[in-house]
Each structure stands twice: as C-alpha cells, then as structure tokens.
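So the structure is just underneath, and the comments pick up after that.
What follows draws every value from the coordinates through simple rules; no lab data is involved. Because the structure is predicted, anything quoted here is derived from the model rather than measured. Here the Cβ positions follow ideal geometry from the backbone for every residue, glycine too, while neighbour counts run over all protein chains shown.
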Amino acid sequence: MIEPLLQVVGLKKYFPIRRYLLPGKVEFVKAVDGVTFQIDHGETLGLVGESGCGKTTIGKTILRFEEPTEGKVAFDGTDLLSLRGEELRRVRWNLQMVFQDPFSSLDPRWTVRAILREPFMIHRRARGIDLEKRLVELMEIVGLTRRHLDWYPHEFSGGQRQRIAICRALALNPKLMILDEPTSALDVSVQAQILNLLKELQREFKLTYLFISHDLSVIRHMCVRVAVMYLGELVESSPCGELFSEPGHPYTQALLSSILDPSVQKDEILLEGEIPSASRPPPGCRFHPRCRFQKDLCSKERPPFVEVKEGHFVSCHL
Amino acid sequence: MTNGRTILKIRGDLKTYFFTFDGVAKAVDGVNFEIAEGETFGLVGETGCGKSVTALSVLRLVDPPGRVVSGEILFEGEDLLKMKDQEMQQVRGNKIGMIFQDPMSSLNPVMTVGFQLKEPIRLHQRIGEGKADRLATEILEQVRIPEPSRIMKRYPHELSGGMQQRVMIAIALCCHPKLIIADEPTTALDVTIQAQILRLIRDLKRDFESSMLMITHNLGLVSKCCDRVGVMYAGNLVEVCDVSNVFSEPLHPYTRGLIEAIPKVNADRETLPVIPGRIPDIINPPRGCKFHPRCGEVGPGCLEEKPELQEVKPHHWVACARVRPNEGFVK
C-alpha cells in the first residue's frame, strides 16, 4: 500500500480567550477539534464549510503558521510537528499555500521579481542567471510575461494577482499546495480561468491540492474527494461524486440544497438559526440545534465518524 | 403578480460619468429598462460593469466626480432627476428602500440598532417616539429576529452577519417602500444564511407588494429569485429577458460565456470554457461593440458600430450585431 502524502490525525487547535477581568479563568475557542484525514499523491481533497468552521485554521496548522494544540501531521512519512528550525525549513518548501485575497497577500511595495525571488533566497535554491531564467519560466507557466516581473502588485487585476500568488507557491516545485479559497475574490469569468490554470498545473507538475472553499460547485469541479466541516469537526467525507448524489449528513444535505445552480431545481432545506460560537459548542452532536432530524441521543453523545460505505464517512447518529 | 403598470422606467439613455483626472470614466453608458409593479428585476454583471452605479443613480446618490449626464428616471411617472433635493428626500428611504451589500460597513457602529431603525420612520412618518418604537419592534419581528426589543438596544457589532443583514432589510422596509433596491444583499453571507435571507426577501416582497431591483454578480441567485434579468457589460445592457430564457437560450455571446463559465454541479468537465481577456477600460472603451475584443464570434460589423438593444423575440432584447430579430444568432 502506498503511503498517503499527507496524514492528519486528531488535529486540534484551541485559541485561548483571555478575560482581563477574570485573570484565572481561560476559555478556549475550539477552532479545530479533532480532525483526521489524509490526502493521497496527486489527489485533490476539497474542504468545505461555512466561515468560522475552522477550514483555514487547518491549512495554517499543517504549514505550522499556527502551532497545533494536539494531533499529528505526517507529510510523506515525516512528522511535521516534531521538526524545529533548520529541519523544518528543509521540509517546508514542499508545502505551499495560496491565499484567498490576492490584494492583501502580495506586498504592495515589492515588485513581482522581488516577491518571486524570496522563496529562492530563503531556501538557497538558485541565484543570478539561473534564477532569472527560472523566474521568466514561472511567469510563462502561469500565463504572464517577462515584462510583468518589474511591475508592482497594484498594476495587476485581481485575476493576474492570483496568478502571481500561484506562481510564488509554485516557485520551488512543491508537492502539496494548500489553496485557501483561491477564487472567491474573483469574478466568474476570471474564476474559470484560474480554475483551469490550477488543473493544468496539477497535471503538469503532479501536484497534490488541499482545496479549501465554501463554494460547492467549485469543489465539485476541482476535487476527487470532499470533506465537509462544521464547527471545527468533520461531519462527512466521501468521494466527490457520491457526496453530491448521496449526501449522508443532514448538514451536507442542507449545504447542497443551498447551491444556487441555475441548472438544478430542487427542494430547499432551510436551516434554522446560525452557527453557534466555537467557544461554547453545543454538547453532543454540534449540529443538533439546527438539525431537522434531531433525537434525544443527539444532544447527549458525540456521534462517531463511521464508514457507511467504502471511503464514505459520516458523523451522525442516524 | 404584476399588473402591467410600470413602477420604474429608465429611458433616454441613462449615462453616469465620473470625471476623473485620468479622463471620463463612463461607468453607466446608455442604459434603458423598466420594472413593472410587483416584479423583481435582476441586474447582473461582473465587477466594474456599472450595476451598482445604476442603482445609485436611481437614488441620486452618485458622489462627485460622478454625475448623471443624460437620461430620465421615471418613478411612478415622475422624473427623479428633476426633483428638488427636498422632494428626493421624501422618496429615498420612504418610497424606495435600499439594502446595501456589506451590512458591517453600512450600519453605523456607534448607534444602536433601534436608533438606526427608527431614523427613517421618524423622518418620514412624523409619529411619536412610543409609536416609532412599536413599529420598529414589529418590523424586526417581520424579518424574523428573535427578541426584537432586546436587539433594539444592541450595537451592530454585537450581531452576527446574518442578523446585521436582517436589520438592514428591516431599515429598508420600515416605510413600506414601493421599490426595493438590493445591492448584492447576500454576498457577504454564508450559503446557509444566504438561503435564509433570500427566502426572507422573497416573502417580504410578496407581503409588502413591492417591486425589486436586485443587483448581483451571481447568476444562480438570479435564477432563484428574479422574474426578469438584465445583463450588463462595461456600462451597457447587452441582454434583457425573462429569467427562464436567459438560461435556456441566452443570445448575447457575453451572456453565453458567463453562463458557461460557472462550474456546474451535475456536469463533469475537465476544463471550464472561459471568456478570454478581461473587462475593458471604461475610460477608453473599445470602439464599436465593447465586447468585441473578447468575443469569439466577431463579425465585420462589430468593430464599427455600437449595437443597440433591440427586441429580437417577444420580451427578449439583445444588443449584438450578430443577433437579428426572428432569426436568432446569425453565423
């Protein structure tokens, strides 16, 4: 059996909330609360959920931008969480991230050349002529030209900036790319261009993607497998097609019914209420206050994450 | 639903230009459409196509250097552009209500929800504090906010995004407007909350017997809640038709490209069809049809003359030189 590229086991990330009036008492926002998943080589795993459910935090903890509270992250057999300093740096070029908002993720005072040169400097990969050649090559890969290297980010449109951000992530030939809502700040026609580019790059460079998004139709287009998050937990994980044809969890069903796809007409499932606070999540199943099918058991016991079909996991008492 | 009477009619080529240092930005460059009573008209287009400016022009809220340079905006038969400022104030927030895109930045952070909600009521209805309070509580109930009297004393930052948007809707509706202008009312919200808000807007529009101008970039949203739709591109309407037609037989190449570019849930496609290039500069737009540099079906006529919106089929208007009346798209 081939080992998965990325394996995340029981990942937890709690953020403390300090209350200055009650110094002794510390509460926690449980942004990510025990998440387990894996990504195979060359696969795209989609991570869906609404804002505040912890999907970005997962991305950041995998890259160690945030130190996880608990859990295990293994990348290609190496335990990422035990690495320190120089060791970490040597592994980290394999994992890159593209952020949501191309307007704030590029330094406005740097030229594109400086932005793209940074990863090479940090990881001491290339210099001089080689570096310059590589930069031009990179720009062409993402559909920009040599000329653009001397421009500043504000001279580009949103779609072009996202291309630069992708370019920067691609610079060191990483194995895994974490794409955090890469198209949600873009218009549909530009979104289509970027999605096509990402698919092309994946084919060409054998990339593995963790694709974070709240847009289910984009996920459907891009991913092989999907994991649905709610309030810091995974509620369902399955092959992409199956999730859309036979959603198991009531939350997934509601999410699917809220897709505004003009080609699909179906009954709406309206959820009552809003996402509860992650600092005081409801007991038992976290979704139960908004669930249509709730039973007594739901408010008492946390449902296990069980395999209902091959490769299809659901966390629900039903 | 509609009784055939027109509530809002924009005619005579509405043009709103911004006189900037770089030149004249033609944000809205000749737009005509009308909204019947009880109808929901959707205005779709990508960023910068002039849909929000059109809405602001209707309310006369375009700030300098922007100015409406031509056109008539007839609301209940009266030209809003010719009204005195004082008369306009009687229309704004009273007969026409507006729901803005981002509730976080359009509510005043230092005023309580109750104060902001009562402001238009007091301004337009001349009633006592007690009665205004009662009205405000009632309207909060109608937008399904739990415990309205408690929420009235809260500040906007204490509410969630969905709740803030409900407050915005309450403010827009509190004077029972004839026309509601909703500018991207759900863009800042999560999908499950978006579904709640859309249902709410639809129900309230029916209860209040209002008409609505819905501005959005999301074609999916249009399909769920509009009767007719106008597609805008670089300051012009390129296609106006019933909402079912826009998806079943879009005629303008831009509309077709836009619909094709949306990832579909029930279709497996390796690559998405794209519209090449990007939206044109509105200070120096391309000559002739503004879409021609990106269009896959450019013909000889496209570069010279700007196509006018013409009725090619009953209730289906298209501005494209290649689309002829009764013939559809001509190769």
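Charges on Cβ only, +1 for Lys and Arg, -1 for Asp and Glu, centred on the Cα centroid of the range A:7-81; of A:28, A:10, A:78, which one is farthest towards the dipole's positive end?
Positive-most Cα among the choices belongs to A:28.
Placing +1 at every Lys and Arg Cβ and -1 at every Asp and Glu Cβ, with all other atoms neutral, what dipole size does chain B have around its Cα centre, in debye to the nearest 20? Could the numbers behind the result be given before it?
Numbers: 41 positive and 42 negative charges, 74 e Å.
Computed about the Cα centre, the dipole is about 360 debye.
Give the span of the range A:229-318's Cα atoms along each principal axis, as three whole-Å numbers ordered largest to smallest.
Sorted largest first, the three principal extents are 39, 32, 22 Å.
Any idea what the relative contact order of the range A:107-173 is, in percent, if you count C-alpha pairs under 8 Å spaced at least 6 apart? Walk me through the numbers on the way to the answer.
Working: 58 pairs, mean separation 30.8, N = 67.
Contact order relative to length: 46 percent.
So how tilted is helix B:161-173 from the main axis of chain B? Cα-based, degrees 0 to 90, rounded to 10.
Between helix and principal axis, roughly 90 degrees.
Using modelled amide H (1.01 Å from N, peptide plane; none on Pro or chain starts), what sits under 5 Å from the amide H of residue B:98, excluding residues fewer than 5 places away?
Correct list: B:93, B:181.
Once whole DSSP H runs in chain A are found, which of them have Cα atoms spread over 27 Å or more along the helix axis and a mean Kyte-Doolittle score of at least -1.0?
Numbers: long enough: none.
Helices meeting the criterion: none.
Looking at chain A as a GNM with Cα springs under 10 Å, which of A:219, A:166, A:141 has the largest mean-square fluctuation?
Ranking A:219, A:166, A:141 by mean-square fluctuation puts A:141 first.
Could you check how many percent of all C-alpha pairs in chain A are farther apart than 30 Å?
Beyond 30 Å sits 38 percent of the P(r) for chain A.
Over all alpha-carbon pairs of the protein assembly as shown, lay out the pair-distance distribution in 20 Å bins, whole %, shortest bin first.
17, 48, 32, 4
To the nearest 20 debye, what is the magnitude of the charge dipole of the protein assembly as shown about its Cα centre, counting +1 on the Cβ of each Lys and Arg and -1 on the Cβ of each Asp and Glu? Mind dumping the intermediate values first?
Numbers: 83 positive and 83 negative charges, 260 e Å.
For the protein assembly as shown, the charge dipole is close to 1240 debye.
With the dipole of chain B worked out from charges on the C-beta (+1 for Lys and Arg, -1 for Asp and Glu) around the Cα centre, which of B:54, B:65, B:116 lies farthest toward the positive end?
Of B:54, B:65, B:116, it is B:116.
Cα-Cα over 22 Å: which of B:95/B:131; B:26/B:264; A:199/B:51? Don't skip to the end; give the middle numbers.
Numbers: B:95/B:131 20 Å; B:26/B:264 34 Å; A:199/B:51 32 Å.
With Cα atoms farther than 22 Å apart: B:26/B:264; A:199/B:51.
From the phi of every residue in the range B:304-317, what ³J(HN,Hα) in whole Hz does the Karplus formula 6.51 cos²θ - 1.76 cosθ + 1.60 yield, where θ is phi - 60° and glycine or proline is x?
Once rounded to whole Hz, the list reads 8, 10, 6, x, 8, 6, 10, 7, 8, 9, x, 6, 10, 10.
What size of dipole, in debye to the nearest 20, comes out for the range A:107-173 about its Cα centre when the only charges are +1 on Lys and Arg C-beta atoms and -1 on Asp and Glu C-beta atoms? Each step should come with its number before you reach the end.
On the way: 13 positive and 8 negative charges, 29 e Å.
Once rounded to the nearest 20, the dipole reads 140 debye.
Tell me which of B:176, B:245, B:214 sits at the most positive position along the dipole axis of the range B:115-254, charges placed on C-beta atoms (Lys, Arg +1; Asp, Glu -1).
B:176
List the aspartates and glutamates whose alpha-carbon lies under 15 Å from that of residue B:313, not counting same-chain residues fewer than 8 positions away?
B:239, B:242, B:249, B:327
For the range B:210-331, report the translational diffusion coefficient in µm²/s to the nearest whole number, using Stokes-Einstein at 4 °C, 1.567 mPa s, and a Kirkwood Rh over Cα pairs. Walk me through the intermediate numbers first.
Details: Rh = 15.3 Å.
Result for D is 85 µm²/s.
For the range A:107-173, just the Cα atoms, rotate onto the principal axes and tell me the three extents in Å, largest first.
Here the spans come out as 30, 23, 19 Å, largest first.
Could you please report the charge total around residue A:212, scoring K, R as +1 and D, E as -1 over all other residues with beta-carbon less than 14 angstrom from its beta-carbon?
Working: positive: A:55, A:60, A:225; negative: A:50, A:101, A:180, A:181, A:215.
So the surrounding residues net to -2.
What value, in deg cm²/dmol to 500, does the helix sum -39500 (n - 2.57) over DSSP H runs of n ≥ 4 give at 222 nm once divided by the residues of the protein assembly as shown? Before the final figure, lay out each step's value.
On the way: 21 runs with 201 residues, N = 649.
For the protein assembly as shown, the value works out to -9000 deg cm²/dmol.
With each pseudo-label sitting 7 Å past Cα toward Cβ, what's the residue B:47-residue A:300 distance in nm, one decimal?
A separation of 5.2 nm, rounded to one decimal place.
For chain B, find the longest principal axis of its Cα atoms and tell me its angle to the long axis of helix B:191-208, 0 to 90°, nearest 10.
For helix B:191-208, the angle is close to 80 degrees.
What are the ³J(HN,Hα) couplings of the range A:223-232, residue after residue, when phi is run through the Karplus curve with 6.51, -1.76, 1.60 and θ = phi - 60°? Round to Hz, x for glycine and proline.
Karplus values, whole Hz, x for Gly and Pro: 9, 9, 10, 10, 10, 9, 10, 9, 6, x.
Select from B:156, B:293, B:263 the residue whose mean-square fluctuation is largest in a Gaussian network model of chain B (Cα-Cα springs shorter than 10 Å).
Looking only at B:156, B:293, B:263, the biggest GNM fluctuation is shown by B:263.
Can you tell me which aspartates and glutamates have their Cα less than 17 Å from the Cα of residue B:15? Leave out same-chain residues fewer than eight positions away.
Filter leaves B:29, B:34, B:63, B:72, B:79, B:281, B:308.
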